[in-house]
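The values are calculated or read from the model by the stated rules, or taken from the named source; none is laboratory data. What you are looking at is a predicted structure, and each value in this text was computed from that prediction instead of being measured. Every residue, glycine as well, gets a Cβ built from its backbone with ideal geometry; the counts of neighbours run over all protein chains shown. Side chains included, ligands, DNA and RNA excluded: accessible areas come from the protein's heavy atoms. Shrake-Rupley method; radii C 1.70, N 1.55, O 1.52, S 1.80 Å.
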Amino acid sequence: MVAALQVFIFLGLIYVEAGWADHGVGVPINRYAPKNSDEAAIIKLIQTVGQGWERRDVDRIMSAYAPDAVQRAWDNPNVMVNYEGIRAEALGAFRDPKLGQVRFEDWIHRIYIVNTSAIVEINQRFHGWSRDHYYRDFWMFSRRAGQWRLTRYDYEPQPPFLDR
């Protein structure tokens with residue numbers, strides 16, 4: 001009986017159902033089932049940022065951001081950078097020969113949408129500089145003139161969550 005329960009728990013950790021997550025690691029972004037068109041648009045923007053990093057395409061990355069966007073600096077979590085700073089950080093990373101292959105893996109934990117504002121809580125594994133980096137992210141979006149744009153990105157490093 002105990003062995004069967006262990007197998008059930010193990011399989012539950014490996015095979016994540018499409019849907020939304022209220023606890024645990026979350027749902028891989030490519031398996032998240034948006035509840036409406038707003039969620040679908042927001043998910044697409046998150047994927048656009050990840051794809052831009054993987055392709056080293058700064059214009060693709062920046063297409064997700066609003067012109068007045070801010071985010072926490074990668075090299076100093078006490079500093080917020082503006083749109084141009086976000087662009088400069090990405091370009092600087094792309095010039096670094098030690099960056100190597102980049103891979104983004106996002107797990108959607110929660111999406112909250114209230115009128116024209118949204119926040120998405122994400123567990124993220126970012127591969128670059130020859131290793132995996134794990135973050136807990138908050139992506140904040142605003143809908144302006146009918147379009148969602150990323151307005152603030154905040155993160156904090158966390159221990160690897162896939163082994164939990």
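Some points to look at:
- The number of residues in region 128-164 that are open to solvent by 40 Å² or more (accessible area, probe 1.4 Å), part of a strand (DSSP E or B) and farther than 20 Å from A64 by Cβ comes to 4.
- Of all the criteria given as (1) in contact (Cβ under 8 Å) with a residue 12 or more places away in the chain; (2) out of contact with any helix residue (DSSP H, G or I) (no Cβ under 7 Å at 6 or more places or on another chain); (3) farther than 28 Å from L162 by Cβ; (4) open to solvent by 70 Å² or more (accessible area, probe 1.4 Å), the one not satisfied by R95 is (1).
- Test: residue in region 82-105 that is over 21 Å from G24 (Cα atoms) and under 13 Å from the mean Cα position of the chain (by Cα): yes
- Among the residues making up region 120-164, those that are within 22 Å of R87 (Cα to Cα) and of a type in the set (A, V, I, L, M) are V120, I122, M140, L150.
- Test result for D68, open to solvent by 40 Å² or more (accessible area, probe 1.4 Å) and modelled with pLDDT of 95 or more: yes
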